[in-house]
Amino acid sequence: MNHWDIARRLMNYERGSFVRFILRLAYICTALSISVMIVANAVITGFNKEISDKIFGFWGHIQINSIHSSQMNVSHPIGYDSLFVKALDSIPGIRHHQTFAFIPAVITAGEEMDGLILKGIGNDFDWAFFEKYLVSGSVAAFRDSSHHNLMLSQSLANRLKLTAGEKSRVNFVINQEVIPRTYYISAIYNTGLEEYDQKLALCNIDEIRKLANWKPDQIGGYELFLNDISQSDSIADQIYENHLNQDMFIETIRQKFPSIFDWLNLQNTNQYVIQALMLVVASINLITVLLILILERTRMIGTFKALGMKNRALKSIFLIHAFQILLKGIGWGNVIGFLICWIQKYGKVLKLNEQDYYLKVAPIHIHLPTVLLINLGAIVLTMLILIIPIGLIGRVSPLKAIGYR
């Protein structure tokens, strides 16, 4: 009979016995620890992904603009460079690029007024992001060239008491002169990112060209969208070294808004703390169970030693026994964890305060390689820790153990 068969037979305890109860408790604790780690990882990964996608939807992954542009989102014009655009098209990893321009303004409606940043966009604008968050109006209405069209956020529209289809006056300060314009509210969006929703509105880039007396081929800059955000630094460096003009400045969105990404990284730290605590709980639980099982099987250990079995062989039997317990607990933990994630993803049970968390419901994003790493890490670390209590087997005396009750 090999060690695996002996360890498997150790799993058979009488119904209602104390050891059988301890085994079930071990399964439950291990399963809960693993399920908590899986759910925590899915929620935090989903949270980071959703917030990051919203930020990238506003600004792109990389921005290129004039070195004279203000950090307060006031664009300085640069000429549209077709050769530079062709160079961008040739760089692997860039999914899409589009032109933009920024100008500050004050919007009024009745007695209400508020400051905002107008983002001018052209025909190359990718509407996929804003279409997903449209509340009223339509992209088609925004593209209608018969009006001076404006797309506002819902929070700004609510403060100004405006709805899609209404008109509002927007005032610009150009060369110390106030220039008023009447705009048609063609669409209203709501992303939940109040920091940006409250101050950003969209208009046609030709509006900014006319207001600022730019030439027809002048723009504020380029926004780049990548296939993989992890390549943003390398692609930005490649553009800077090989293609960037002297009057251009390039930065990634992580460089533009470092505080937001530092905050998101803090959520990853919370995840690591949760996972470490759950591993400690699972390990302590299995150490306790293993000690109880060793005490329960003291006579068996003494008998095997008296028959000539080495300590190393006995230790391997109990390690295999602990591994079987751990594996069963991990299996149930995965089932419970994936079930909770599935319920939240499709049932949207856990709601969030959108003003505080930028999301209406707790997001779920299961990254299978990470889940696999959680399972493997739990097995490896727990089994390494269990080597400590296994050492007690070497101290068991065969004569005393056989007479142990």
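Laboratory data are not the source of any read-out in this text; all were calculated from the coordinates shown. Keep in mind it's a predicted model, so treat the numbers as computed, not measured. Every residue, glycine as well, gets a Cβ built from its backbone with ideal geometry; the counts of neighbours run over all protein chains shown.
Annotation: amide H of SER153 within the under-5 Å range of TYR189, sequence separation 5 or more or interchain, hydrogens built in the peptide plane.
Take every Cα pair under 8 Å in the chain that's 6+ residues apart, average their separations, divide by the length, and report that relative contact order as a whole percent.
Working: 613 pairs, mean separation 114.6, N = 405.
In percent, rounded to a whole number, it is 28.
Of LYS49/LYS328; LYS119/LYS167; LYS49/LYS345; LYS49/LYS360, which sit over 20 Å apart, Cα to Cα? In this structure, LYS49/LYS328 exceed 20 Å between Cα atoms.
Looking at the chain alone, DSSP beta bridges between its own residues are antiparallel in about 80 percent of cases. Ordering GLY93, ILE390, ILE239 by Cα displacement along the dipole of the chain toward the positive end leaves ILE390 in first place; charges were set at the Cβ atoms of Lys, Arg (+1) and Asp, Glu (-1). Taken about its Cα centre, the chain carries a charge dipole of about 3340 debye when Lys and Arg each add +1 at the Cβ and Asp and Glu each add -1 at the Cβ.
A Stokes-Einstein calculation at 4 °C with viscosity 1.567 mPa s, built on the Kirkwood radius of the chain over Cα pairs, returns a diffusion coefficient of 50 µm²/s.
Select from region 102-196 those trypsin sites (Lys or Arg not before Pro) which occupy a DSSP coil region and have at most 15 other Cβ atoms within 10 Å, ordered by residue number. All intermediate terms of the calculation are to be shown ahead of the outcome.
Numbers: sites: LYS119, LYS132, ARG143, ARG159, LYS161, LYS167, ARG169, ARG181; in loops: LYS161.
Sites meeting the loop and neighbour criteria: LYS161.
Annotation: amide H of SER69 within the under-5 Å range of HIS76, sequence separation 5 or more or interchain, hydrogens built in the peptide plane.
Between the amide H of LEU200 and those of ILE117, distances stay under 5 Å, these residues lying 5 or more places away or on another chain, with hydrogens modeled in the peptide plane.
The packing ranking, built from the mean of other Cβ atoms within 10 Å per residue, places the peptides 308-317, 368-377 in the order 308-317, 368-377, highest first. Put the Cα centre of region 239-317 next to the Cα centre of region 192-231 and the gap is 43 Å. Legend: helices of the chain (whole DSSP H runs) are marked when their alpha-carbon atoms reach 24 angstrom or more along the helix axis and their mean Kyte-Doolittle hydropathy is at least 1.0; marked are 18-59, 258-296, 368-385.
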